[in-house]
1. Against the condition touching a residue at least 24 places away in the same chain (Cβ under 8 Å) and either buried (at least 17 other Cβ atoms within 10 Å of the Cβ) or among the polar types (S, T, N, Q) (or both), how does GLY134 come out, does it pass?
2. Within region 81-93, track down each residue that is part of a loop (DSSP other than H, G, I, E, B) and open to solvent by 20 Å² or more (accessible area, probe 1.4 Å).
3. Checking the structure you have, find out if any residue of region 160-168 is touching a helix residue (DSSP H, G or I) at 6+ places or on another chain (Cβ under 9 Å), hydrophobic (A, V, I, L, M, F, W, C) and farther than 22 Å from VAL5 by Cβ.
4. Out of SER145, SER149, SER164, which single residue is near the ligand (Cβ under 10 Å from one of its atoms) and over 12 Å from ASP67 (Cβ atoms)?
5. Taking the condition closer than 20 Å to LYS191 by Cβ and either open to solvent by 10 Å² or more (accessible area, probe 1.4 Å) or touching a residue at least 40 places away in the same chain (Cβ under 8 Å) (or both), does HIS100 pass?
6. If I go through region 52-80 residue by residue, how many of them are more than 16 Å from the ligand (Cβ to nearest atom), in contact with a helix residue (DSSP H, G or I) (Cβ under 7 Å, 6 or more places away or on another chain) and outside any loop (DSSP other than H, G, I, E, B)?
7. For residues in region 40-51 being open to solvent by 20 Å² or more (accessible area, probe 1.4 Å) and within 16 Å of the ligand (Cβ to nearest atom), which is nearest to MET174 (Cα to Cα)?
8. In this structure, is GLU28 outside any helix (DSSP H, G or I) and acidic (Asp, Glu)?
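The values are calculated or read from the model by the stated rules, or taken from the named source; none is laboratory data. The structure presented is a predicted model; accordingly, all values stated were derived computationally and were not measured. Glycine also receives a Cβ, built like all others from the backbone with ideal geometry; neighbour counts cover every protein chain displayed. For the accessible areas, the whole protein counts, side chains as well, though only heavy atoms, and no ligand, DNA or RNA atoms are used. Shrake-Rupley method; radii C 1.70, N 1.55, O 1.52, S 1.80 Å.
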Amino acid sequence: MEIKVFDSPEEIASVCADEFTALLTSKENCVLGLATGASPVPTYKELVRRYNAGVISFKHASSFNLDEYVELPRNDKNSYYTFMHENLFNSVDIDEANVHILNGNAEDTAKECADFDAAIEAAGGIDIQLLGIGTNGHIGFNEPSSSFSDGTFKVKLTDSTIKSNSIYFTENAMPRYALTMGIQSIMKAKKIVLIATGASKAEAVKNAVKGEVTPMCPASVLQNHPNCIFLLDTAAASLLG
Ligand code: F6R
């Protein structure tokens, strides 16, 4: 696990965008693992800027998103489908046929999850997986005590995640369940880049980097990944000592 600390989210975005740029310019049919939430927004802005500058193209790339809420209409303003289109996909040349976002309204969620893992395999596996981290150490929606051997699955969200994310749900109640790539699906990525900013992430970052590898802090499993970088601001890194 490599740890890099920066002064601002913009510097993190630039370094993270460099990772994606190197991939997009060297491997035409590359496979991107993407995240939602506040942490990747500056990176998506920078990728859109580089796309507009003609530096990168997503024309032949495919993408797989980490997670999606269950029973939230696809076009709801808080769905991760909407988030990804507003923050990245609508502004670049990715082929919609190559965009994979879990369908939280699927009748058979177990099949939806199994098909998603199969589609990742069929695409050749994820080249770079972008991650944020929850204040409780979650990655994707793998909440504390999640099994390290899960593929994509339906999860009941914890009170801590509901508290963190309910700020976005001003008009309707926040869903209590989500579909998420499991730890095993995430760990199969060839490279993992995790972004954490702000003091509220410091404890989770400390547990992930310095603590024991335990399902109680799902991000701690990343200590076992052969090619994983944490991009942190000084506040998120403040307890690393
Ligand atoms: C989002 C996701 C979550 C977030 C995490 C941090 O797709 O899977 O694990 O990465 O909750 O969220 P932010 O970046 O909003 O602090």
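1. yes
2. Answer for region 81-93, where residues must be part of a loop (DSSP other than H, G, I, E, B) and open to solvent by 20 Å² or more (accessible area, probe 1.4 Å): just ASP93.
3. No, the conditions are met nowhere in region 160-168.
4. SER164
5. On the way: closer than 20 Å to LYS191 by Cβ: yes; either open to solvent by 10 Å² or more (accessible area, probe 1.4 Å) or touching a residue at least 40 places away in the same chain (Cβ under 8 Å) (or both): yes.
Judged against the criteria, HIS100 is a match.
6. Of the residues in that region, 1 qualify.
7. Checked region 40-51; the qualifying residue nearest to MET174 (Cα to Cα) is VAL41.
8. yes
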